[in-house]
Amino acid sequence: MNQLCADTGRLWIEKLTFDVTAPSTARSPNDAVAEVQELMAQIATEDGFRNAARQELEQMLALLPQARRAALAPDPAAQAMLLDQLAADAILAMTAAMLGANEDDVR
């Protein structure tokens with residue numbers, strides 16, 4: 001095939017077959033980053049963390065104009081959802097930092 005390619009200056013390949021498998025999504029027992037990520041997720045659900053985070057969020061929301069504050073967190077349920085999303089984003093950011101990657105790489 002190399003000679004044919006050299007003689008004609010072209011190469012035509014009819015079919016390529018790759019034997020590939022998806023990477024395992026199961027956590028390795030020695031995966032320290034996954035273990036820390038799991039611990040952060042557990043901490044994010046604890047009352048002490050949630051109370052402190054809610055107080056911080058309320059302080060930040062108080063700095064915003066009323067219209068923007070109402071759009072972000074119009075009621076306690078929306079504020080709780082925002083808090084959940086911020087905690088999840090923080091976990092991804094910390095995991096990415098530990099892996100030397102960006103957040104999209106660990107989603």
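Structure notes:
- Taken over the range 41-60, the criterion of being surrounded by 13 or more Cβ atoms within 10 Å (Cβ to Cβ) and not in a helix (DSSP H, G or I) is satisfied by Ala44 alone.
- Being surrounded by 10 or more Cβ atoms within 10 Å (Cβ to Cβ) and at pLDDT below 75 is a description that does not apply to Val33.
- Being aliphatic (A, V, I, L, M) and within 30 Å of Asp31 (Cβ to Cβ) is a condition met by no residue of the range 55-78.
- Restricting attention to the range 61-94, the residues being more than 23 Å from the chain's Cα centre (by Cα), surrounded by 13 or more Cβ atoms within 10 Å (Cβ to Cβ) and not basic (Lys, Arg) number 3.
- Residue satisfying condition, being free of Cβ contacts under 8 Å to residues at least 40 places away in the same chain, of a type in the set (Ser, Thr, Tyr) and touching a helix residue (DSSP H, G or I) at 6+ places or on another chain (Cβ under 9 Å), within set Thr95, Thr45: Thr45
The values are calculated or read from the model by the stated rules, or taken from the named source; none is laboratory data. The model shown is predicted, which means the values in this text are computed figures rather than measured ones. Cβ coordinates were reconstructed from backbone atoms using ideal geometry, including for glycine residues, and neighbour counts include every protein chain displayed.
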